[in-house]
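The next block holds one structure in the form of structure tokens; read it before the comments.
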Amino acid sequence: MAYRVPRRDGVGEETQVDPPSLLSPCPPGEGSSVTEGGDGGEGGVRRLQFHGGDLVWASRRYGLPPGRFLDFSSSVNPLGPPPAALRAARAALRRAAYYPDPFSGALRRELAAWLGIGPDLLTLGNGSTELIHHLVRCRSPRRVTVVSPAFSEYRRAAEAAGCEVEEFPLSPGDGFALPMDALVSAASRSEMTFFCNPASPSGKLYSRTELLSLLEACRDAGGLLVVDESFMGFCPDRDRERATMIHLAGEEGLVIISTFTKLFALAGLRGPGWLAGTRGLVGELEEKGFPWRVNVAAEAAARACLGDEGYLRKTRARVGAWREELARGLREAGPFRVFPGHANYLLLRLPVEGPQAVAVVEGMGRRGVLVRSCHDFSGLGEGFIRVAVRRRRENMRLLRLLRETWCEVSGRGPSRSAPVTRKVNGGPSWAS
Ligand SMILES: Cc1ncc(COP(=O)(O)O)c(C=O)c1O
């Protein structure tokens, strides 16, 4: 597949054919997949690589047991699940032999009350990825706009449903600002527009005022604006209040998606995802969806999370402090541009003339630390890495190993001695 991506020197675009083969030991052109078993693995299981956090894949690639990696490539709450949620999940296993409530009524009511919206505006799924796919399949829009760089499942869901996809790339050069007129015009050409807030991987938080103009454009065109707020819960109160659209749930043209897997660190349990929309849309999704989408353990864990305000306060305070400390450390660890982030991850840009993200990711992987190359995020290209914010001690280890890796792959001395220069054309450049 060929992509138009911004050049790493920030001047214009270039064509990138197939992502580099970092995520795939198979030859370029076969896509990001690896077959387990063909090389002495587990019986010919084809493993597709789309996301960070694949510890089984990392284990096969770097030769460490999955549990030995320090994973900064997927972004979940570094505090781990609330203990009450784990207790509730364990207790729910006593009901493992019975079907769960097909439509998760109790959780729906409690979550709706927690969000301050009506339960008939909510539907739940086995993680939010499932809901993204279900929504697109149900509505089968002719054309989908994805404001990018963004979570790849928006595009995958649209392609799987046979939609035409238009990426609307935001530029790292201007801090991923929204060129509103152009965006509104792209959104009004589609029946569905995906927007993530705070965005991943950039970490930028957009104001509700900006998104309201986009909503209006989508609505005027008879389409839907799908706002993914999966990471909104990590933002402090003041930021959430100026950005979240949840209080508008039920308004025509608006869909909000979020999940328990990130904020409450229930990714492995597939902590439920949720979708809020109009009564009509939610009814349609329920009618056309599978029953039993949320298993008994995930439902029990999620209900316990909702009662744990202390955990959320602690999450926001600690993640905010750790993120700022990590951002400072990253700026000192190498000649990296660190984008200001509002969630539990940070995006770094590598200097133009240095090694590519893939080399750094590989060097870190060999040291047992996983970070996310952003080469496969549409619109970014090969010079970007995303790292999760973890606990202070883990972040310090990341910084130490990143410094070491950078020295190794760049063949340079420690980065503190590398002064920053800027090119006349505005693209960042770094003197050795
Ligand atoms: C922006 C965004 N939205 C949604 C998801 C899906 O999360 P889940 O299916 O675990 O709920 C992810 C996962 O990485 C994500 O990054």
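No lab work stands behind these numbers, since they all come straight from the coordinates. Here the structure is a predicted model, which is why all the values come from computation and not from measurement. Neighbour counts run over all protein chains shown; Cβ positions are idealised from the backbone, glycine included.
Once the Cα gyration tensor of the range 193-328 is diagonalised, what are the square roots of 5 times its eigenvalues, in whole Å and ordered largest first, as equivalent ellipsoid semi-axes?
Output for the range 193-328: semi-axes of 26, 22, 12 Å.
Ranked by Cβ crowding within 10 angstrom, fewest neighbours first, how are I246, I257, I385 ordered? Could the numbers behind the result be given before it?
Working: I246 17, I257 24, I385 27.
Listed from fewest to most nearby Cβ atoms, that is I246, I257, I385.
Rounded to whole Å and ordered largest first, report the semi-axes of the equivalent ellipsoid of the range 61-107 derived from its Cα gyration tensor (root of 5λ).
Over the Cα atoms of the range 61-107, the ellipsoid semi-axes are 31, 15, 12 Å.
Got a sec? Charge dipole of the range 83-306, +1 on Cβ for Lys and Arg, -1 for Asp and Glu; which of S200, P236, A298 is way out at the positive end?
The listed residue farthest towards the positive side: A298.
Magnitude of the Cβ-charge dipole of the range 121-179, K/R +1 and D/E -1, about the Cα centre, nearest 20 debye?
My answer is approximately 240 debye.
log10 I(q)/I(0), Debye, Cα-only the range 83-306, no solvent, q = 0.09, 0.12, 0.17 Å⁻¹?
-0.35, -0.62, -1.21
Pull up all non-local amide H partners of S200: gap of 5 or more, or a different chain, and H-to-H distance under 5 Å with H placed in the peptide plane.
Those lying under 5 Å, H to H, from S200 are F151.
So, counting K/R as plus one and D/E as minus one, what does the shell of residues with Cβ under 10 Å around P82 add up to?
Summing Lys/Arg as +1 and Asp/Glu as -1 gives +1.
Given the options F168, A217, A97, identify the residue whose Cα lies farthest towards the positive end of the charge dipole of the range 83-306 (+1 on Cβ of Lys, Arg; -1 on Cβ of Asp, Glu).
The residue sitting farthest along the positive end of the dipole is A97.
State to the nearest 20 debye the size of the charge dipole of the range 83-306 about its Cα centre, where the only charges are +1 on K and R beta carbons and -1 on D and E beta carbons.
Dipole about the Cα centre, nearest 20: 940 debye.
Tell me, what are the semi-axes, in whole angstrom and largest first, of the equivalent ellipsoid of the range 186-264 as set by the roots of 5 times the Cα gyration tensor eigenvalues?
Three semi-axes, in Å: 22, 12, 12.
Mind listing the phi-derived Karplus ³J(HN,Hα) values for the range 150-161, rounded to whole Hz, using 6.51, -1.76 and 1.60 with θ = phi - 60°, and x for any glycine or proline?
7, 3, 5, 6, 4, 5, 4, 4, 5, 5, 5, 8
For a footprinting-style exposure proxy, rank H342, H51 by other Cβ within 10 Å, fewest first.
Result, fewest neighbours first: H51, H342.
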